Amino acid sequence: MSRRFAGRVCVVTGAARGIGLAIAQRLGSEGGRIAALDVSARRLEPAVNELKAKGFEARGYALDVSDRVAVRSEFGRIERDFGAPISVLVNNAVWARFMPLADIDEETSRRMLSVGVEGLFWTTQAAAPQMARNGGGAIVNLTSVSAAHPAKHSIAYSAVKAGVTGLTRASATELAPQGIRVNAIAPGMIGTPASIAQFDEATIATRQTEMPLGRFGAPEEIAALAAFLASDEASYLQGAVVTADGGWTVPAR
Amino acid sequence: MKRLEGKRAVVTGGGSGIGKASAIRLAREGASVFVVGRSANTEETVEEIRAEGGTALGMITDASLEDNVAEIVRRCLSEVGGLEIFFANIGVTGTNTPLLDQSVEEWMEVYRINTVSCFLAIKYAGAHMTAQRYGSIILTSSAASLRANAGAISYSASKAAVNNLAQTAANAFAGTGVRVNAVLPGLVETQLTRKVFEDARARGVESKIGHVTPLKRPGRADEIAAAVAFLASDDSSYVDGQLLSVDGGVSSTHPFGRIALPN
């Protein structure tokens with residue numbers, strides 16, 4: 001139960017900090033062999049050292065998931081480095097900016113879509129054949145409550161995350177015959193430094209009162225859900241989008 | 001340390017199927033389980049848990065009636081010593097009578113057993129859990145709550161009401177530390193669905209069961225139990241008011257079993 005990923009190669013994108021790092025730690029704590037991916041080599045190094053210090057097998061790969069050719073070659077390298085095909089892929093990497101409609105420019109739009117949507121095409125494309133050769137695997141995609149319940153200045157972000165929800169469900173249908181399960185997590189407000197920094201104290205206090213659980217989530221709580229979905233425990237979940245938002249989107253107001 | 005060590009759980013409909021699998025699963029994770037069912041097989045679940053070294057007590061009663069649910073919670077508190085988890089799981093299928101011929105009596109009975117039983121679980125378990133500011137209530141819904149043609153009409157509507165109850169109760173318990181979620185199984189062979197499986201076997205088409213799902217098979221009770229254990233545990237501590245589909249993907253796609261796909 002506590003070693004659900006023993007011996008399994010687990011790829012986590014955006015793993016250098018926040019939710020991605022928490023997921024890498026949780027999978028590692030359950031025996032997973034961790035390939036930690038992040039666009040920033042500088043951020044990745046301390047994260048991988050932290051994972052290793054906890055006694056986990058971990059390797060870092062500095063990689064921009066929007067680069068299809070690089071993704072393909074790095075996923076091949078991961079299989080060679082670990083001496084085993086990838087079993088678990090957690091698509092957590094995203095590049096996000098929040099702005100009013102009028103301020104969305106081509107560069108922002110391209111970057112958000114190429115990392116947050118196309119990046120998942122490329123990683124899924126690269127991981128699925130390894131999983132199929134291995135008799136199956138599990139993919140967990142990070143979408144957001146913003147896909148269906150967008151907050152302020154979220155036109156681009158909600159488009160990206162609605163894209164993730166759609167590609168999750170379509171991948172679930174297409175990859176099921178290869179024994180690959182694909183599910184998504186829709187987090188609400190998670191108290192990572194990056195998300196907290198977006199708001200002033202008054203906004204944070206208001207947000208918390210809107211949530212039945214009355215608080216922002218912790219990255220570890222998303223990691224616990226990711227571990228469930230990635231494990232054999234979730235063997236009959238396919239194409240599911242599981243919201244973890246403390247009930248934020250449950251009431252009308 | 002097991003995930004549910006020290007926790008006390010009520011499981012209704014615990015004599016067979018998803019309830020039995022869940023009671024056994026919660027016990028394996030360390031919970032003391034108060035197994036409730038309408039018939040003698042309730043004690044079989046209790047015996048199986050004890051044979052594995054787990055802790056369980058049984059109570060034979062109808063968990064769709066208010067006085068009985070109050071008694072379930074009272075006895076769990078006094079005899080098991082507390083209550084942190086309540087899995088409200090009893091249900092009936094309703095009939096496939098053509099819609100225009102259905103009776104109010106059938107609807108009232110299906111609603112009483114499938115929906116009102118969940119309200120009563122929330123009312124009596126919720127009173128204790130909100131006072132102690134901790135608890136997880138899990139309601140059994142169904143994939144039929146989201147899609148047509150996955151169950152009888154009265155059944156499907158009663159389960160849609162259960163979904164709403166998970167949301168409204170989660171909201172009503174805002175700030176109390178009590179979470180309410182629903183699990184939505186797809187087709188699983190249990191007492192409720194045995195006829196579907198037996199008919200298919202009789203016609204030699206058992207391998208077609210579950211083929212409308214992307215995973216192309218029916219679910220097993222232990223797969224639903226694993227999701228129930230997740231919702232019961234602190235691993236789901238930020239999941240509240242949610243509808244967790246455990247249905248092989250049937251609710252996330254078109255019913256593509258009707259069209260030709262590779263494999």
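All but one of (1) surrounded by fewer than 23 Cβ atoms within 10 Å (Cβ to Cβ); (2) of a type in the set (A, V, I, L, M); (3) not in a loop (DSSP other than H, G, I, E, B) hold for A:Ala184; which doesn't?
It is condition (1) that A:Ala184 fails.
Can you tell which of A:Ala138, A:Ala176 is assigned to a strand (DSSP E or B), of a type in the set (Gly, Ala, Ser) and buried (at least 22 other Cβ atoms within 10 Å of the Cβ)?
One residue alone meets the criteria, A:Ala138.
Looking only at the range A:207-233, filter to residues that are over 17 Å from the mean Cα position of the chain (by Cα) and more than 7 Å from chain B (Cβ to nearest Cβ); which one of those is surrounded by the fewest Cβ atoms within 10 Å (Cβ to Cβ)?
A:Thr209
Does B:Arg133 fit the bill of being in contact (Cβ under 8 Å) with a residue 12 or more places away in the chain and surrounded by fewer than 16 Cβ atoms within 10 Å (Cβ to Cβ)?
So B:Arg133 passes the test.
Need at least 1 residues that are touching a residue at least 40 places away in the same chain (Cβ under 8 Å) per element, so show me which helices (runs of 4 or more DSSP H) inside the range B:1-76 make the cut, counting only ones lying wholly within it.
B:17-28, B:66-75
Tally up the residues in the range A:75-99 that are buried (at least 22 other Cβ atoms within 10 Å of the Cβ) and either among the polar types (S, T, N, Q) or in contact with a Phe, Trp or Tyr (Cβ under 6 Å, 6 or more places away or on another chain) (or both), please. Before the answer, list the steps.
Step one: of the range A:75-99, the residues buried (at least 22 other Cβ atoms within 10 Å of the Cβ) are A:75, A:78, A:86-94.
Okay, now just the ones that are also either among the polar types (S, T, N, Q) or in contact with a Phe, Trp or Tyr (Cβ under 6 Å, 6 or more places away or on another chain) (or both), so A:87, A:91-92.
Total meeting the criteria: 3.
Starting from residues that are at the interface with chain A (Cβ under 10 Å from one of its Cβ atoms) and β-branched (Val, Ile, Thr), keep the ones in the range B:203-224 and report whichever is nearest to B:Ala144 (Cα to Cα).
By that ranking, first place goes to B:Thr213.
Let's see how each residue does on (1) closer than 24 Å to A:Ala244 by Cα; (2) touching a residue at least 60 places away in the same chain (Cβ under 8 Å); (3) not acidic (Asp, Glu):
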site	(1), (2), (3)
B:Met108	no, no, yes
B:Ala121	yes, yes, yes
B:Met129	yes, no, yes
B:Thr140	yes, yes, yes
B:Ile153	no, no, yes
B:Val178	yes, no, yes
B:Val183	yes, yes, yes
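Out of (1) within 16 Å of B:Lys159 (Cβ to Cβ); (2) surrounded by fewer than 17 Cβ atoms within 10 Å (Cβ to Cβ); (3) not aliphatic (A, V, I, L, M), what's the single condition that is false for B:Phe87?
B:Phe87 satisfies every listed condition except (2).
Since every read-out is calculated from the coordinates, none of them should be taken as a lab result. All values derive from a computational prediction rather than experimental measurement. So basically every Cβ, Gly included, is an ideal-geometry build from the backbone, and we count neighbours across all protein chains shown.
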